[in-house]
Amino acid sequence: PRLCVVGSGPAGFYTAQHILKHHGGAQVDIYEKLPVPFGLVRFGVAPDHPEVKNVINAFTQTARSERCAYYGNVTVGRDVTVAELRQAYHAVVLSYGAEDNRVLGIPGENLSGVYSARAFVGWYNGLPENRDLNPDLSCETALILGHGNVALDIARILLSPLCLLRKTDITDCSLAALACSKVKRVWLVGRRGPLQVAFTIKELREMINLPGARPVLNPDDFTGLEDAVKDAPRPRKRLTELMIKTALEKPGEKAAAVQAAAPREWRLKFQRSPQEVLPTADGRRARGIRMALTCLEGSGDSAKAIPTGEVEELECGLVLSSIGYRSLPLDPVVPFDTQRGVIPNSSGRVEGVPGLYCSGWVKRGPTGVIITTMNDSFDTAQSVLEDLQVGVLDVSASREGFGAVESILRSRGVRPVSFSDWEKIDAAEVARGKAAGKPREKIVDPQEMLRLIGH
């Protein structure tokens, strides 16, 4: 069987890995629109979390398998259609993730100084489409809407001492911008309460222990919460206990002195829903945000935030909206649920289109960590393997695979990038990084990547 996967992030690689491991004859081709592979492992994981990027070693093993091939610099839906892929392969798996962000839908969100978390993360992680973001960091107060890990990542990058960031693979231009940053206060604002935050204890602990930045949590937000979490699942209980401890316990003399001397601070604000980004007098820039105060209906993860009618205004010159990523439809022949932002499927089998599958965020929505995506991709791969076994996928008719796609791409003037091409780009990035005392210096311009490999 000849199979192909669209997207080379964790979902794509884990799907390919599982199929290759459990089917001794399958050939899997991976298509990627950028010249470089690994999706959010390269462009989403925070630069100061290098251990999370270790999965790249396993993905590299998969890509080097003689039954696997990588074709970068190929945009499916433009350079080659899904229908053309379905003609060339016995099965096609869509694993292209969530390449857009959810919008706030409030007045003022297009003002200068307002950015999506996705674009900001892409900027400091070297995602080509965000390389010219040039965010204005000349204000003292930044406000992040959202209480997930991405929100904490951004807060940490904004407040981290430069000496820590210099040792990471953060891009050169964002390092230069952060060196001139005036931001010294970051507010993390959520619609719901402390019991509904989506970040994990590891990320919270890193924020609390961040050198030179003190946490400011309002004790009133946490009073009486000990009882509320008694019977909560262990991760939620431990996370809430850490927030309670940080908010209510007086630090020892030494810790108090260190905190008092910290030049920067961050705080969590709860039960506030953004209503409007407020403009400066000339109407061009953000100067603050109007929040509706909310009360919670229901409890636990299903609690809903209902506006109380009260409002408050917070002053800030930088607004980052971290309320989630969003998948986009890829090709008119693929069904897409615009409401939920996913491809309708059952265990990864795309509804009504035999031989078409999906895995990762485009299958289940943009939630969870790499391990969640791994399990989800194995589940889709299992569906493909079952369909091969029971004959739902007819492999008696031979398919040309990349042979057919190559001539289509050539006729359209598209030159794919191979995995060994990527390894040349990788080596160049590592060499540039070494010169600067970093693990790598990412190349952010796709044209420069292509020049480097003689395309």
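Matching residues to (1) buried (at least 23 other Cβ atoms within 10 Å of the Cβ); (2) polar (S, T, N, Q):
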{"site": "Y14", "(1), (2)": "yes, no"}
{"site": "G24", "(1), (2)": "no, no"}
{"site": "Q27", "(1), (2)": "no, yes"}
{"site": "F43", "(1), (2)": "no, no"}
{"site": "P47", "(1), (2)": "yes, no"}
{"site": "P50", "(1), (2)": "no, no"}
{"site": "F59", "(1), (2)": "yes, no"}
{"site": "S65", "(1), (2)": "no, yes"}
Residues that are touching a His at 6+ places or on another chain (Cβ under 7 Å): list the helices (runs of 4 or more DSSP H) wholly contained in region 354-455 that include at least 2 such residues. 370-389
When region 299-315 is examined, which residues are found to be more than 15 Å from L145 (Cβ to Cβ), open to solvent by less than 70 Å² (accessible area, probe 1.4 Å) and of a type in the set (A, V, I, L, M, F, W, C)? A303, I306
Is it true that some residue in region 322-333 is open to solvent by less than 10 Å² (accessible area, probe 1.4 Å) and either in contact with a Cys (Cβ under 8 Å, 6 or more places away or on another chain) or at pLDDT 95 or above (or both)? yes
Residues located in region 50-78, provided they are among the small types (G, A, S), farther than 23 Å from V414 by Cα and in contact with a Phe, Trp or Tyr (Cβ under 9 Å, 6 or more places away or on another chain): A58
Condition first: among the small types (G, A, S), assigned to a helix (DSSP H, G or I) and open to solvent by 30 Å² or more (accessible area, probe 1.4 Å). Can you find one or more residues in region 197-208 that meet it? no
Restricting attention to region 1-42, the residues that are over 17 Å from P128 (Cβ atoms) and either in contact with a Cys (Cβ under 6 Å, 6 or more places away or on another chain) or among the aliphatic types (A, V, I, L, M) (or both) number exactly 11
Count of residues meeting criterion [part of a loop (DSSP other than H, G, I, E, B), among the charged types (D, E, K, R) and farther than 27 Å from P446 by Cβ] in region 15-39: 0
Hey, I56 hits all of (1) assigned to a loop (DSSP other than H, G, I, E, B); (2) free of Cβ contacts under 8 Å to residues at least 40 places away in the same chain; (3) closer than 27 Å to R364 by Cβ but one; which does it fall short on? (1)
Tell me, yes or no, whether region 164-186 has at least one residue that is closer than 22 Å to L293 by Cβ, open to solvent by less than 50 Å² (accessible area, probe 1.4 Å), touching a residue at least 60 places away in the same chain (Cβ under 8 Å) and not hydroxyl-bearing (S, T, Y). yes
Any residue at all in region 125-146 that is open to solvent by less than 20 Å² (accessible area, probe 1.4 Å), part of a helix (DSSP H, G or I) and under 29 Å from M449 (Cα atoms)? yes
When every residue in region 248-282 that is assigned to a loop (DSSP other than H, G, I, E, B) and touching a residue at least 60 places away in the same chain (Cβ under 8 Å) is compared, the one least open to solvent (accessible area, probe 1.4 Å) is F270
The lone exception for A98 - which of (1) touching a residue at least 40 places away in the same chain (Cβ under 8 Å); (2) over 23 Å from R364 (Cβ atoms) it fails: (2)
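The values are calculated or read from the model by the stated rules, or taken from the named source; none is laboratory data. Worth saying up front: this structure is predicted, and the values here are computed from it rather than measured. Using ideal geometry, Cβ is built from the backbone for each residue, glycine included, and neighbour counts are taken over all protein chains shown. When the accessible area is computed, the model is the full protein with side chains, heavy atoms only, and any ligands, DNA or RNA have been set aside. Shrake-Rupley method; radii C 1.70, N 1.55, O 1.52, S 1.80 Å.
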